[in-house]
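Notes to accompany the following structure.
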Amino acid sequence: MLPGSAAPAAGSGMFVPTQTVGTVLCCICGVAMQPNPANMCARCIRARVDITEGVPRHAAVVYCPDCTSYLQPPRSWLRAGPESPELMQILLRRLNRPLARLRVSLSAAEFVFSEPHSKRLRLKLRLRREVFNAVVLEQTHPVEFTVHDRLCDACARAQSNPDQWVAVVQLRQHVPHRRTFLYLEQLLLKHGQASLALRVAAAPGGLDFFFGSRSHAARLVDFLATVAPVQTQTAKQLVSHDTKSNVYNYKHTFSVEICPICREDLIALSPQVSRDLGGLGPIVLCIKVTNAIALLDPLTLRVHHLEEKKYRVYNFKAALTSKQLVEYIVLDIEHESPEITIDGSRYQLAYAQVARVSDFGKNDTMFTVRTHLGHLLNPGDLALGYDLYGANLNDDDMDTAMMRHSLPEVILVKKSFAKRPRTRRWKLKRLPMEEDAVNKAKGELEKRADEYEEFLRDLEHNSDIRFQIDLYKDEDYRSEMASTIGDDVPTVPIEELIEDLSLGDDEEEDEGGEGNAHADMVG
């Protein structure tokens, strides 16, 4: 066949010789092999060349048992779990210099099982190196790391004296309930923002987070600014200084105040604020609080998002809060407009005829009001709302709105359901928190238990809030416990629950009474 001509087809009848790969004999053992620049087989090359010569087989790594961090020389500490990619990266960095000096490249690495209490970490490396004129040889190489326990600087200060904190974040909100802090607690757990705190203490009107580093406290403050409308002030106090080395030690304080407007609050806007917001209101409901406040006019379905800086200019307060909600029964409902979606939430204007549940058997007082809950309410349903007809209000903006406008007697806020037993198929994790003597009082404990139960009900009713936090399966839950729950009561779908994973070592420590301050606190 001429050069450049096409190969004949298999069924053309022409003789096509089979091409075979040429072989040579190894210059050492005489075994037939494919030719290579060294003219030696792989077995003879391995017998005469050891590419792992000079690569260390033993090394050491420093580990802090309190915060599960590993020392990255010279002074940084990196947190890594057992057999995690982060731990693999820390260990391989200890071998980078010897491998670069020997011109050996790393093609693969994996962990080899070792007993958790042996203080050993074993790796199996796959090394590659060029030998004998472009002949590349690969070889496995085991490395054993000895784990030396040593407390990091922050943990050493915490153990010597837990009050040796460097920075504190004082989180406060001046409202008569703790719903905001219960929600923020779940956000901090999900994103791990409070994991670096030396301790968390409950304080009147909020929480205190103590840190061993100012940067850790600043990181928490930055996170809070992304999830809530907050105002931050900073201060520092000189603790000690060394004039010779020009070293100053300060204690830093971050005062973080959360906006006092909460979800489901009723707000009366002043005429000036109503004009600045495009004629919104004057009566609005707070429907969502993130780093901005979402205000809804329940009579027109107009929504306005107010940023924290803009709120500080107006600085209005809530006329009525969720603690003052009154239960009503829906007698009749008449839809006025089709259902619409605003910011992912559904609304529908309707006229509802309602009566207070407390008035049944006493009087025949009924109210016909306009509501934004037409897509949820049906005759016979229960609803929670604000009673403007009989409320004792102490708000100048509300008095002005009542004189200038014809306000409804009732503002419905949400649909209500029958009380359910306190057994759920899911649970929440809690931050380990120090309580003072005031918070441990009997009346305060009952109040907090009721607020926590109300928070759990809000999670069942509102899927938008559940989307932001982690809910875990309760292994102790039994299906027969829920036999008394009505069919119309909202529940959390099992698809939204997460398996609650726990290490066997932690369970053994808890059983032996050696659990540390980070033991499970599940509500």
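The values are calculated or read from the model by the stated rules, or taken from the named source; none is laboratory data. As the structure is a prediction and not an experimental result, all values here were calculated from the model. When we count neighbours, we look across all protein chains shown, and the Cβ atoms used for this are built from the backbone with ideal geometry, even at glycine. Keep in mind that these areas ignore ligands, DNA and RNA; they rest on the heavy atoms of the full protein, side chains included. Shrake-Rupley method; radii C 1.70, N 1.55, O 1.52, S 1.80 Å.
Some points to look at:
- Members of region 451-480 found to be crowded, with 16+ Cβ neighbours inside 10 Å, within 17 Å of the chain's Cα centre (by Cα) and free of Cβ contacts under 8 Å to residues at least 40 places away in the same chain, listed by number: L459, R466
- One residue alone among G206, G278 is loosely packed, with under 14 Cβ neighbours inside 10 Å and either more than 27 Å from L151 (Cα to Cα) or in contact with a helix residue (DSSP H, G or I) (Cβ under 7 Å, 6 or more places away or on another chain) (or both), and that residue is G278.
- Hits in region 336-385 (condition: open to solvent by 30 Å² or more (accessible area, probe 1.4 Å), touching a Leu at 6+ places or on another chain (Cβ under 6 Å) and not acidic (D, E)): S337, Q353, R370, L384
- Inter-residue pairs, beta-carbon under 9 Å, first without any contact (Cβ under 8 Å) to a residue 40 or more places away in the chain and in region 87-106, second in a helix (DSSP H, G or I) and open to solvent by 20 Å² or more (accessible area, probe 1.4 Å), 6+ apart: L106/L92; L106/N96
- Filtered residues of region 190-229 (kept if over 24 Å from D153 (Cα atoms), of a type in the set (A, V, I, L, M) and touching an Asp or Glu at 6+ places or on another chain (Cβ under 7 Å)): A202
- Screening the candidates Q193, Q231 for the property of being open to solvent by 10 Å² or more (accessible area, probe 1.4 Å) and more than 26 Å from L456 (Cα to Cα) yields one hit, Q231.
- The residues in region 58-79 that are out of contact with any strand residue (DSSP E or B) (no Cβ under 6 Å at 6 or more places or on another chain) and at pLDDT 90 or above can be counted, and the count is 1.
- Residue that is surrounded by fewer than 16 Cβ atoms within 10 Å (Cβ to Cβ), out of contact with any His (no Cβ under 8 Å at 6 or more places or on another chain), among the hydroxyl-bearing types (S, T, Y) and closer than 18 Å to F145 by Cα, where the choices are S84, S69, S105: S84
- Of the residues in region 409-427, not one is open to solvent by 60 Å² or more (accessible area, probe 1.4 Å), farther than 30 Å from F210 by Cα, among the basic types (K, R) and modelled with pLDDT of 85 or more.
- Restricting V62, V31, V49, V55 to those that are assigned by the TED database to the domain that holds N133, open to solvent by 60 Å² or more (accessible area, probe 1.4 Å) and either within 55 Å of the chain's Cα centre (by Cα) or of a type in the set (A, V, I, L, M, F, W, C) (or both) reduces the list to V31.
- Within region 34-44, considering residues that are open to solvent by less than 50 Å² (accessible area, probe 1.4 Å) and touching a strand residue (DSSP E or B) at 6+ places or on another chain (Cβ under 6 Å), the one nearest to E138 (Cα to Cα): C41
- Within region 284-300, considering residues that are open to solvent by less than 20 Å² (accessible area, probe 1.4 Å) and within 23 Å of S406 (Cβ to Cβ), the one nearest to the chain's Cα centre (by Cα): C286
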